[in-house]
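Below is one structure, written out as C-alpha cells; the observations come after it.
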Amino acid sequence: MKAIFIYLSLFTFAIIFSSCADDAPVNNNSSNTLSGDWTVDKVQLVSAPTNGTASAMMKSALVPFGEMSASLVGNLDFSFGAESIDLSNFSIPEGPYYDLKFFDNNGYAYDFYRKKIASSTDGGTTWQVHPLPTHTSSNTTALAAVNGFTLYSITDSLNKNIFSLHRSTNMGATWTTVNAHLPFMYFYGDVLINGTVYFTDVNTGYIIASDNVNTRLYKTTDGGLNWNIVYNTANGFFQLHFSDAQTGYTRKITIEGVKFSKTVDGGVTWTDYSLPEGTDINGTEFFLNKNIGWLSRYNYSNDDFGLYKTVNGGQTWTLVSN
C-alpha cells in the first residue's frame, strides 16, 4: 500500500510539473525539488475519473479542457466539464434599475425610483416585476436581499418618520409587515440592495439608523421584531456588508478621510484601516469570505476609477485594474 501511495504521489507531481514546464519558478532550486517561491501563471482544467481503483485512475488519461489565466481564477463562475466560458447578455425589464443581486440563478434588480423589484429564477434570462410594500412618501425604500427567496424592505408613511419593516419569502411577489413601527429613523438616499440594511440570514440583521441624536448600529436576531443597539457611535458609517453574522465591513467618513472599518464580533467593536489613495465615499465592497474581497473606487473630482483586492480582510488592498 505504501508503495502505491508513493507511486501515486510521484505520478501526480509529474503531471503538475509537466503542465508548468514552460513557466519558470521565481527561484530556481537545485536537486529537482519543488520547494521555494513559485507564482501561478496558468490553471489547466482537466477531467479525471471519480471512481474506480487507484491503479485504474492512474491508467486513465486526463482529458484537458484548456487553460485559464491565473488572474481570472476566483473571478469567474463556471462549471467544470464545459469546454468554453461564454458571456451572455440579457435585458432586464424597462425602468431605471440601480442595483443587482444574485444567489446562483435567483436574482433581483432594484428600481427604487418606481418602488419596484424585478426577480429572475433563470440567471437573468427572464424577469418578473413586483411592487414593493406600500410606500406613501417619496423617499427611498431600503431593501435587503437575504437569499434567493427572502427580501426585507423598510418604508415610511408620508414623511412622518414612522418606519415599518416588511418581509417577502417569494422574491417580492407578496409582502408581510414584520414591524409596523421601528424604534429608529432610517437614513434616506441608499439606492443599493444590502446597503445601510443588511441581513446575514432570515433572523439576523443590521441597520445604520438614528435615534434623533446619534447615528447608531442596530441589530435584530428575531427577523426584525426586536432591535438592540450594538454600537453607539456609528457616525460616518456608509453602507454595510457582512461575510457572516460576526464579520462585517463599512466605508466610514472620518476627519482624516474615508476609512475601511471592520468588526469581528457582530458590530460591538470596529477597527479602522486605510483605503487606497484617492478613495472617497463612492464605490462599494464585495467579500467572497471574511478574508478575500474586492473594492471599487470612483473619485468624482478627477474621474478616476479603480478595482482593488484584499486577501487579509481589508487590512491591505492591491490594485487589480484601473
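The values are calculated or read from the model by the stated rules, or taken from the named source; none is laboratory data. Worth saying up front: this structure is predicted, and the values here are computed from it rather than measured. Cβ atoms come from the backbone with ideal geometry, glycine included; neighbour counts cover every protein chain shown. These area figures cover heavy atoms from the full protein model, side chains too; ligands, DNA and RNA do not enter into them. Shrake-Rupley method; radii C 1.70, N 1.55, O 1.52, S 1.80 Å.
Set against the 2.2 N^0.38 Å expectation for a compact globular protein, segment 211-268 has a Cα radius of gyration ratio of 1.15.
Can you check what the net charge comes to around Ala142, using other residues whose Cβ is under 11 Å from the Cβ of Ala142 (Lys, Arg +1; Asp, Glu -1)? Overall, the nearby charge balance is -2. Largest accessible area first, the listed residues Thr126, Thr204 line up as Thr126, Thr204 when surface is computed with a 1.4 Å probe on the assembled protein chains.
Extension gain, Val320 to Asn89, is 80.7 nm, computed as 0.36 nm per intervening residue step minus the present C-alpha separation. Packing here is the average count of other Cβ atoms within 10 Å per residue, and on that basis the peptides 127-133, 95-101, highest first, run 127-133, 95-101.
Under the shape rule built on the C-alpha gyration tensor, where the axes satisfy a ≥ b ≥ c, segment 180-221 is oblate, since a/c reaches at least 1.5 while a/b does not exceed b/c.
Loop-resident trypsin sites (Lys or Arg not before Pro) (DSSP state other than H, G, I, E or B) in segment 147-241 with no more than 11 further Cβ atoms inside 10 Å of their Cβ: Lys160. Each peptide among 312-318, 235-241 gets the average number of other Cβ atoms lying within 10 Å of its residues, and from highest to lowest they stand as 235-241, 312-318.
You can think of it this way: the chain between Asp122 and Asn312 has 65.0 nm of extra reach, that is 0.36 nm per residue less the Cα-Cα gap. In the context of the full set of protein chains, segment 192-322 has a per residue accessible area of 47 Å² (1.4 Å probe).
The listed residues Phe305, Phe242, once ranked by accessible area (1.4 Å probe) with the largest placed first, stand as Phe305, Phe242. Please work out whether segment 181-322 counts as rounded, prolate or oblate from its C-alpha gyration tensor, where a ≥ b ≥ c are the square roots of the eigenvalues and a/c under 1.5 means rounded, while otherwise a/b larger than b/c means prolate and anything else oblate? Prolate shape, in that a/c is at least 1.5 and a/b is the bigger ratio.
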